[in-house]
């Protein structure tokens, strides 16, 4: 078991013929991901990396049965690309692109929700179920198949946390980078619910950062639903000054909202194990699970 993706996922790469799309598609194929189609308007009929290219997602779905899309399209057209995938019946859209205008994402997210399409991103590294499927830009070699679920707002911290988990012998069931933009697709609570029902996930790691209140809402969900699995939390950006955007568009403290100390307090109140230092991430998770 895993969540969102598995060895049977059939992936269409929107923007396959571009530099970024081609590079990361090759990595996904080498990992064993079922990349069945690419889409670039006007380039239908070509073949890239042995993958057929279509003019539209609708054509790709009809011809290949694709059910998942990953998007490597410039920011100005990315939201429209996600909407096209949703209209074609794609069930999961992984939107890698950053710098997408916020209003574009508000419109896009509303359409995908109406169609029942799940969205990961934007401005994210993607999703991976180690040993089964890699969609996005995550480096496959640092992952190990196992039972730890991981959700993160930060791509780089995802890699660091995974590297440490693998280093202490803890494999992962599924790792999801949800992105750091103000209007994300699936949030912590959505993914915690999926991990809750996954019998192969024994514990979950939540990597948050300053800005917004998604971490507080996730902590309240864990507390109020008596979440049945151990949950570990880490918050990045604790030293960031108020009003200063730090890296991600959504990582900004506005007044008293989005402060790291409030997020940590909420996690502790929910019974989560809060990891204070990133360098001790893996050993803290391993040590705590041994005690349980």
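Would you confirm, using the coordinates I've provided, whether residue 69 is assigned to a helix (DSSP H, G or I), within 21 Å of residue 119 (Cβ to Cβ) and touching a helix residue (DSSP H, G or I) at 6+ places or on another chain (Cβ under 9 Å)?
no
Can you tell me which residue among 38, 32, 44 is surrounded by fewer than 23 Cβ atoms within 10 Å (Cβ to Cβ), at pLDDT 95 or above and in contact with a strand residue (DSSP E or B) (Cβ under 6 Å, 6 or more places away or on another chain)?
Just a single option satisfies the conditions, and that option is 44.
Going residue by residue through segment 238-253, is there one that turns out to be in contact with a helix residue (DSSP H, G or I) (Cβ under 8 Å, 6 or more places away or on another chain) and modelled with pLDDT of 80 or more?
There is no residue in segment 238-253 that is in contact with a helix residue (DSSP H, G or I) (Cβ under 8 Å, 6 or more places away or on another chain) and modelled with pLDDT of 80 or more.
Looking only at residues that are more than 24 Å from residue 227 (Cα to Cα) and within 11 Å of the chain's Cα centre (by Cα) in segment 135-157, which one is surrounded by the most Cβ atoms within 10 Å (Cβ to Cβ)?
135
Could you list all residues from segment 73-95 that are surrounded by fewer than 21 Cβ atoms within 10 Å (Cβ to Cβ) and outside any helix (DSSP H, G or I)?
74, 88, 89, 91
For segment 226-242, which positions are out of contact with any strand residue (DSSP E or B) (no Cβ under 8 Å at 6 or more places or on another chain) and touching a residue at least 24 places away in the same chain (Cβ under 8 Å)?
The answer is 227, 228, 238, 240.
Can you tell me which residues in segment 272-285 are touching a helix residue (DSSP H, G or I) at 6+ places or on another chain (Cβ under 7 Å) and not in a helix (DSSP H, G or I)?
Scanning segment 272-285 gives 272, 273, 274, 275.
Can you find a residue in segment 72-83 that is assigned by TED's automatic domain parsing to the domain that holds residue 112 and over 30 Å from residue 106 (Cβ atoms)? Quick ask: steps written out before the conclusion?
To start, the set of residues in segment 72-83 that are assigned by TED's automatic domain parsing to the domain that holds residue 112 comprises 72-83.
If we keep only those that are over 30 Å from residue 106 (Cβ atoms) too, we end up with none.
No, every residue in segment 72-83 fails to be assigned by TED's automatic domain parsing to the domain that holds residue 112 and over 30 Å from residue 106 (Cβ atoms).
Got a sec? Which of 63, 98, 58 is surrounded by fewer than 18 Cβ atoms within 10 Å (Cβ to Cβ) and closer than 28 Å to residue 154 by Cβ?
Sole residue among the options that is surrounded by fewer than 18 Cβ atoms within 10 Å (Cβ to Cβ) and closer than 28 Å to residue 154 by Cβ: 98.
Would you check if there is a residue in segment 16-24 being touching a residue at least 40 places away in the same chain (Cβ under 8 Å), at positive phi and in the same structural domain as residue 69 (by TED's automatic domain parsing)?
Among the residues of segment 16-24, not one is touching a residue at least 40 places away in the same chain (Cβ under 8 Å), at positive phi and in the same structural domain as residue 69 (by TED's automatic domain parsing), which makes the answer no.
Take the residues in segment 167-178 that are buried (at least 20 other Cβ atoms within 10 Å of the Cβ) and in contact (Cβ under 8 Å) with a residue 60 or more places away in the chain, then tell me which one is farthest from residue 285 (Cα to Cα).
176
Of all residues in segment 26-47, which are more than 21 Å from residue 88 (Cα to Cα) and touching a helix residue (DSSP H, G or I) at 6+ places or on another chain (Cβ under 6 Å)?
Hit for segment 26-47 is 31, nothing else.
Taking the stated definitions as given, is residue 100 under 15 Å from residue 12 (Cα atoms), in contact (Cβ under 8 Å) with a residue 60 or more places away in the chain and not assigned by TED's automatic domain parsing to the domain that holds residue 186?
Considered against the rule, which asks whether it is under 15 Å from residue 12 (Cα atoms), in contact (Cβ under 8 Å) with a residue 60 or more places away in the chain and not assigned by TED's automatic domain parsing to the domain that holds residue 186, residue 100 comes out as no.
Residue by residue, here is whether (1) in the same structural domain as residue 202 (by TED's automatic domain parsing); (2) surrounded by 24 or more Cβ atoms within 10 Å (Cβ to Cβ); (3) within 30 Å of residue 202 (Cβ to Cβ) holds:
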{"position": "48", "(1), (2), (3)": "no, no, no"}
{"position": "51", "(1), (2), (3)": "no, no, no"}
{"position": "67", "(1), (2), (3)": "no, no, yes"}
{"position": "70", "(1), (2), (3)": "no, yes, yes"}
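The values are calculated or read from the model by the stated rules, or taken from the named source; none is laboratory data. Only a predicted model underlies this, so the values are computations on that prediction, with no experimental measurement involved. Positions of Cβ are generated from backbone atoms using ideal geometry, with glycine treated the same way; all protein chains shown enter the neighbour counts.
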